[in-house]
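The structure appears right after this line, and notes come after that.
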């Protein structure tokens, strides 16, 4: 199951980590532990943030991916299930449309 994590990193404790020179190491450790398919750093609601994509076998993997962000950066994570075009084509939208037409 493919998951998208929208990660919002508040100014504190991140500002302190930047000033101490340890922010890069903390981010590197989290990424090495979580092994995202992709990660992009961006703005989230006016704060630092990231968007990460993970392929996970079960929902029970979510805490393993989210806890490092929570514990080390006091981040907020929003998790969304995502589909590829192939996944969407396997969903049988034509059959569902016919079933719920009337």
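Taken together, the values in this text are just the output of simple stated rules run on the coordinates, not laboratory data. Every value quoted in this text rests on a predicted model; they were computed, and no experiment measured them. Cβ placement follows ideal geometry from the backbone for every residue including glycine, while neighbour counts extend to all protein chains displayed.
I'd like the full set of residues that are surrounded by 16 or more Cβ atoms within 10 Å (Cβ to Cβ), in contact with a helix residue (DSSP H, G or I) (Cβ under 7 Å, 6 or more places away or on another chain) and not in a strand (DSSP E or B), limited to the range 30-51.
Hits for the range 30-51 are 30, 34.
Determine, yes or no, whether residue 29 is farther than 22 Å from residue 84 by Cα, in contact (Cβ under 8 Å) with a residue 12 or more places away in the chain and in contact with a strand residue (DSSP E or B) (Cβ under 7 Å, 6 or more places away or on another chain).
no
May I ask you to list the residues in the range 1-31 that are farther than 11 Å from residue 73 by Cβ and under 14 Å from the mean Cα position of the chain (by Cα)?
Result: 1, 2, 3, 4, 5, 6, 31.
Quick one: count up the residues across the range 6-29 that are surrounded by fewer than 11 Cβ atoms within 10 Å (Cβ to Cβ) and not in a helix (DSSP H, G or I).
Of the residues in the range 6-29, 1 are surrounded by fewer than 11 Cβ atoms within 10 Å (Cβ to Cβ) and not in a helix (DSSP H, G or I).
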